[in-house]
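Here is the structure we will look at, set down as C-alpha cells.
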Amino acid sequence: MKVDMKYLTILIAAATLLTGCEYTISDAATRVRYAFQKAEITSFFLSENDTTTITVAPDHWPEGCKKGEGYQLILMPYKGNKQVASGDIVVDCFGENGYHTGFGSKDIVIAQEMTIKKKSGEKVQITLRKSHSALEIIELK
C-alpha cells in the first residue's frame, strides 16, 4: 500500500495537536484544571517541598475572554452533590459570560472561596501546600 506523504504529514500534525488538545482547545476554566493535573501532583507529594506554585493563563483563545476585557478567577470549595468530591473553578470574563468546571480530583482542596482579578493576558500564580491527605490551595497572586 502506497502512502501519500502529504496525507501522512497531515495525519502526524493532527496527532501531535490532539495530544495537547485539552489545553490547546479547551475553555478557560478547563485550562486551569489541566494546569493542576500537569503540576505533577504525585511527584510533589513525594518531594521534600511543603509548597509549590503553578502559573496559569486561562483567558486566551479559544473559549476564553475577549482580548482587553480582563477576567476574574474564582476557586470554590466542595459544596456536595457531585460525583467527584472536588471544588469548582470559575473564570468570569468581564463584559461577557464565563466558564465553569470542577477540579476533577479530590486530591486538591480549598478551604474557602478565593478570587483574583487580572487584566487580559495576565497570568495567575496558584500556591498549593501539602496537607495530611491532599494538596490545599493557599494563595492566588
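Quickly run through the stretch 84-94 and pick out the residues that are part of a strand (DSSP E or B), over 13 Å from the mean Cα position of the chain (by Cα) and free of Cβ contacts under 8 Å to residues at least 60 places away in the same chain.
Of everything in the stretch 84-94, just one residue is part of a strand (DSSP E or B), over 13 Å from the mean Cα position of the chain (by Cα) and free of Cβ contacts under 8 Å to residues at least 60 places away in the same chain, namely ASP92.
Looking at the stretch 67-77, which of the residues that are surrounded by 16 or more Cβ atoms within 10 Å (Cβ to Cβ) and under 10 Å from SER120 (Cβ atoms) is farthest from the chain's Cα centre (by Cα)?
In this case the residue turns out to be GLY70.
Report the residue count in the stretch 9-46 for those that are at pLDDT below 55 and either within 18 Å of GLN125 (Cβ to Cβ) or assigned to a helix (DSSP H, G or I) (or both).
Here the count works out to 14.
If you go through the stretch 73-127 one residue at a time, how many are closer than 13 Å to ILE138 by Cα and out of contact with any strand residue (DSSP E or B) (no Cβ under 8 Å at 6 or more places or on another chain)?
Residues that pass the stated criteria total 1.
One line per residue, one yes/no per condition, for (1) at pLDDT 85 or above; (2) surrounded by 14 or more Cβ atoms within 10 Å (Cβ to Cβ); (3) not β-branched (Val, Ile, Thr):
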position	(1), (2), (3)
GLU48	yes, no, yes
CYS65	no, yes, yes
LYS82	no, no, yes
GLY87	yes, yes, yes
PHE103	yes, yes, yes
LYS118	yes, yes, yes
VAL124	yes, yes, no
THR127	yes, yes, no
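In the stretch 50-63, which residues are acidic (Asp, Glu) and either more than 12 Å from ARG129 (Cβ to Cβ) or buried (at least 16 other Cβ atoms within 10 Å of the Cβ) (or both)?
ASP59, GLU63
Six or more apart or on different chains, Cβ atoms under 7 Å: show the pairs whose first residue is in the stretch 47-69 and part of a loop (DSSP other than H, G, I, E, B) and whose second is among the acidic types (Asp, Glu) and surrounded by 14 or more Cβ atoms within 10 Å (Cβ to Cβ).
Taking only residues 6 or more apart or on different chains, the pairs are GLU63/ASP27; CYS65/ASP59.
Name, by its number, the condition in (1) more than 13 Å from ALA29 (Cα to Cα); (2) within 12 Å of the chain's Cα centre (by Cα) that does not hold for ILE110.
The single condition ILE110 does not satisfy is (2).
The values are calculated or read from the model by the stated rules, or taken from the named source; none is laboratory data. Given the structure is predicted, the values throughout are model-derived calculations rather than measurements. Because the Cβ atoms are built from the backbone with ideal geometry, glycine has one as well, and the counts that use them run over all protein chains shown.
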